[in-house]
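Here, each number is a calculation from the coordinates, and none is a lab measurement. In this text the structure is predicted, and so the values were computed from the model without any measurement. Positions of Cβ are generated from backbone atoms using ideal geometry, with glycine treated the same way; all protein chains shown enter the neighbour counts.
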């Protein structure tokens, strides 16, 4: 669940970027979809980084 402040900030950014003023519910839905997408995209990357760091620590 996003805070009221986070939703407000998302609405401001969205309006600046796309020129569209979102309602609170629409902003919450879009922000959650965006965050879920970012989690999916970044999770494999963070796992890869952790694995590489672990390999490097074994070499030392």
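Data for the structure
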quantity: Percent RCO, i.e. relative contact order, over the chain, from Cα pairs under 8 Å lying at least 6 residues apart; calculated: 25 percent
quantity: CD proxy at 222 nm, helix term only [per DSSP H run n ≥ 4: -39500 (n - 2.57); per residue of the chain; nearest 500]; calculated: -30000 deg cm²/dmol
quantity: R0 of 35 Å, Cβ-Cβ distance residue 58-residue 9: FRET efficiency to nearest 0.05; calculated: 0.25
quantity: Cα long-axis angle, helix 4-18 against the chain (0 to 90 degrees, to the nearest 10); calculated: 80 degrees
quantity: Proxy reagent accessibility, fewest Cβ within 10 Å first, across 8, 54; calculated: 54, 8
quantity: Sorted by Cβ neighbour density within 10 Å, fewest at the top, the residues 1, 28; calculated: 1, 28
quantity: Structure-derived volume of the Cα convex hull per residue in Å³ - corresponding label in (1) 90; (2) 110; (3) 31; calculated: (2)
quantity: Taking 18, 10 and counting other C-beta atoms within 10 Å, the order from fewest to most; calculated: 18, 10
quantity: Extension gain (nm, one decimal) between residue 40 and residue 21, 0.36 nm per residue minus Cα-Cα; calculated: 4.1 nm
